[in-house]
Amino acid sequence: MPRPRKDQYYRQAKKQGYRARSAFKLKQMIRKYKLLEGVNVVVELCSSPGGWTQVLREKDRTMEIVAVDINPMAPLPGVKFVKGDITEDTTLEKIEQLTRGSADLILSDCSPNVSGHWDIDVARQLDLARITLEIGHKLLEKNGKVLTKVFEGRGFREFMTATRKSYNSVKLVKPDASRKTSAEIYLLAIGPKKN
């Protein structure tokens, strides 16, 4: 059954010129969790088509933004774009070059290609979240933040246990703009524990 696309956020996104309805999810989380406080450099993974990137640029004209996606993305003023797969070392090397090896916030709205088999989709989603958190561990300073999409299912509890061992603060958040029928939830991890 096709999901209803033209909800209020979809219509608002069209009206306000956002490239995706997900822009409202980020806006709500920025406001509620003060995501951009103390943030000068942001890395946004799986950025295309650029709805979240638009919100970041709109919220702060001076912030450095490095957007990354395997698919092309139409340019946005002052945004550096890396076309690459976040699972490949060459992509991470390009990100490190553009950020000079340091960032304050890592954002990821990555989704796997959905197979329709729930356990497989959960595993793929958690893999993307794990990669995002690893990138955060490499690039973030001690108070740095990661916001990444996750699905709850088989392996989720173990994933959360591992994340709590590597970040000082870990919480689950769900913005109002997430579809009520959607299984997605976001994980906000703050302060990578570095040896």
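The values are calculated or read from the model by the stated rules, or taken from the named source; none is laboratory data. Bear in mind that the values here come from a model prediction, so they are computed numbers and not experimental data. In this analysis, Cβ positions are derived from the backbone assuming ideal geometry, glycine residues included, and neighbour counts consider all displayed protein chains.
Numerical summary
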| item | result |
| --- | --- |
| Output for the stretch 83-106, where each listed residue is surrounded by fewer than 18 Cβ atoms within 10 Å (Cβ to Cβ) and not in a helix (DSSP H, G or I) | K83, G84, D85, T87, E88, R100, G101, S102 |
| Hits in the stretch 68-104 - residues which are within 15 Å of the chain's Cα centre (by Cα) and within 21 Å of R124 (Cβ to Cβ) | V68, D69, I70, D85, I86, T87 |
| Sole exception among (1) part of a helix (DSSP H, G or I); (2) of a type in the set (A, V, I, L, M); (3) crowded, with 20+ Cβ neighbours inside 10 Å for I131, by number | (3) |
| The listed residue being touching a helix residue (DSSP H, G or I) at 6+ places or on another chain (Cβ under 6 Å) and hydrophobic (A, V, I, L, M, F, W, C), out of V146, V122 | V146 |
| Hits in the stretch 106-122 (condition: modelled with pLDDT of 95 or more and touching a Gly at 6+ places or on another chain (Cβ under 7 Å)) | I106 |
| Residue in the stretch 54-68 that is in a loop (DSSP other than H, G, I, E, B) and surrounded by 13 or more Cβ atoms within 10 Å (Cβ to Cβ) present | yes |
| Any hit, the stretch 33-40, residues being crowded, with 20+ Cβ neighbours inside 10 Å and small (G, A, S) | no |
| Among (1) closer than 18 Å to L140 by Cβ; (2) surrounded by fewer than 20 Cβ atoms within 10 Å (Cβ to Cβ), the one test that P77 misses | (1) |
